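Peer 1: Here's a structure for you.
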Amino acid sequence: MRETGPAEPAVRVSGLTIGTDRGPDPFTLVSDVSFSVLPGEMLGLVGESGSGKTLTGAAVAGLLPRGVRRVGGRIALDGQSVEGQRIRRRPGDGPAMIFQNPMTSLNPAVRIGDQVAEAVRLHRPKITKRAAAAEALTLLERVEITRAEERMRQYPFEFSGGMRQRVMIAIALATGPKVLVADEPTTALDVTVQQGVMDLIDRLRAEMGLAVLLISHDLAVVSERCDRLLVMYAGEIVESGAAHHVLHQPLHPYVDGLMRCIPERALKLGELRSLPGRVPAPDELPAGCRFAPRCDFVTDACVSAHPLLEEAGPDHGVRCVRSKEIDFHAPTEKHVTAGETDG
């Protein structure tokens, strides 16, 4: 019997670098990001606003905004390298993307059924209008829209937020994708509705073998759903690995700081505190560790050189020169800045 090798990643990103392409001094917005997502796997991309996670997802989906472009690295879908800014949209030929606010993505003046059918026709130009409408009905039923045939004749304002997000998922499925990029898909929804939408995405990835890239700032969502995590800060990965390792045994002070902002986690650690400061702008990046100005564990070594993303264990990487010596369960160390001594 012939043995099969490991599954080919549905998407593989190598050394992705994104920058601006306008102005006299273009900025680098995302630096040297690498990851892969297997069919049926969910990879979480986590970080504060300005960390670069949405731009990374947009690059995978071929939807970078005007004035921003991929300046380095490689994106491969099913082993085939994708060149240029746009990814072709034939059925199964590229990723699909779900955005944060479905109300701004749906046309308020067009009936729901027509919007889903339009997505079907765009990706299957030879299909008849009747067949496209039938396919739209099937897609709405697949994403668990009740009374789908009746709902097809309604407009977006007649749908709840959760139902609108399900419509966006149906539109995404119209392409027959193998990769689904979900950018904060539950942020604008109530907690109980969030659960239903994420249950739906989980079911679809299991049934269809979808590779899901989940972009979120909600650590509770990613901890429950994701197989692996990438934590981004100021345009680069600072920690990566299996979700339970990254969240329960963090090696980077930034990840520990994010965890201490969550009341349930802070109770276990004995301290609830906010993360001071903000993510630096692309033209304000420090020369050494980008997190150093906000870090309680900073030393001269942290600010003298930019740290590399290094292997800290099986499938666990961290970008911190002190990751092997910091005990996050001990009392917080004194904040030591460059040039200070213990004396």
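The values are calculated or read from the model by the stated rules, or taken from the named source; none is laboratory data. Here the structure is a predicted model, which means the values were calculated and not measured. Here Cβ is always computed from backbone atoms with ideal geometry, including for glycine, and neighbour counts include all displayed protein chains. Surface accessibility is based on the protein's heavy atoms, side chains included, excluding ligands, DNA and RNA. Shrake-Rupley method; radii C 1.70, N 1.55, O 1.52, S 1.80 Å.
Peer 1: Put +1 on the Cβ of each Lys and Arg and -1 on the Cβ of each Asp and Glu in the chain; which of M208, L173, G72 then has its Cα farthest toward the positive end of the dipole?
Peer 2: The residue sitting farthest along the positive end of the dipole is L173.
Peer 1: Nearest 10 degrees, 0 to 90: what angle lies between the long axis of helix 112-123 and the longest principal axis of the chain (Cα atoms)?
Peer 2: For helix 112-123, the angle is close to 80 degrees.
Peer 1: Additional query: Would you calculate, for the chain, the mean residue ellipticity at 222 nm contributed by helices, counting each DSSP H stretch of 4 or more residues as -39,500 (n - 2.57) and dividing by all residues, to the nearest 500?
Peer 2: The per-residue figure over the chain is -9000 deg cm²/dmol.
Peer 1: Let me ask something additional. Any chance you could give the angle, 0 to 90 degrees and rounded to 10, that helix 161-173 forms with the longest Cα principal axis of the chain?
Peer 2: For 161-173 against the chain, the angle is about 80 degrees.
Peer 1: Calculate, for L285 and E310, the FRET efficiency according to 1/(1 + (r/R0)^6) with r their C-beta to C-beta distance and R0 22 Å; round to the nearest 0.05.
Peer 2: In this case the efficiency is close to 0.65.
Peer 1: Follow-up. Can you say what percent of the DSSP beta bridges in region 110-261, counting only those with both residues inside, are antiparallel? Round to 5.
Peer 2: Just about 55 percent of them are antiparallel.
Peer 1: So how strong a dipole does the chain carry about its Cα centre when Lys and Arg Cβ are +1 and Asp and Glu Cβ are -1, to the nearest 20 debye?
Peer 2: 1620
Peer 1: So, with a 1.4 angstrom probe, what is the percent of accessible area on region 122-188 that is carbon and sulfur?
Peer 2: Carbon with sulfur: 52 percent of the solvent-accessible area.
Peer 1: Once the chain is represented by equal point scatterers at the alpha-carbon sites, with solvent omitted, what log10 I(q)/I(0) does the Debye formula produce at q = 0.10, 0.14 Å⁻¹?
Peer 2: Values, matching the q order: -0.65, -1.16.
Peer 1: Nearest 20 debye, what's the magnitude of the dipole of region 173-251 about its Cα centre given +1 on Lys and Arg Cβ and -1 on Asp and Glu Cβ?
Peer 2: 260
Peer 1: Over the chain, what is the mean sequence separation of C-alpha contacts under 8 Å (at least six apart), divided by residue count, expressed as relative contact order in percent?
Peer 2: Contact order relative to length: 19 percent.
Peer 1: Compute the helix-to-body angle for 191-208: its Cα long axis versus the longest principal axis of the chain, expressed 0 to 90° and rounded to tens.
Peer 2: 70
Peer 1: Under a GNM of the chain (C-alpha, springs under 10 Å), which listed residue has the highest mean-square fluctuation: R151, R69, R12?
Peer 2: Its mean-square fluctuation being the largest, the pick is R151.
Peer 1: Would you please give the FRET efficiency between A134 and M103, computed as 1/(1 + (r/R0)^6) with r the Cβ-Cβ distance and R0 = 25 Å, to the nearest 0.05?
Peer 2: Given R0 = 25 Å and the Cβ-Cβ separation, E is 0.40.
Peer 1: Out of the DSSP beta bridges found with both residues in the chain, what percent are antiparallel (nearest 5)?
Peer 2: That works out to approximately 65 percent antiparallel.
Peer 1: For region 116-253, what's the radius of gyration and Dmax over Cα atoms, in angstrom?
Peer 2: 17.3, 56
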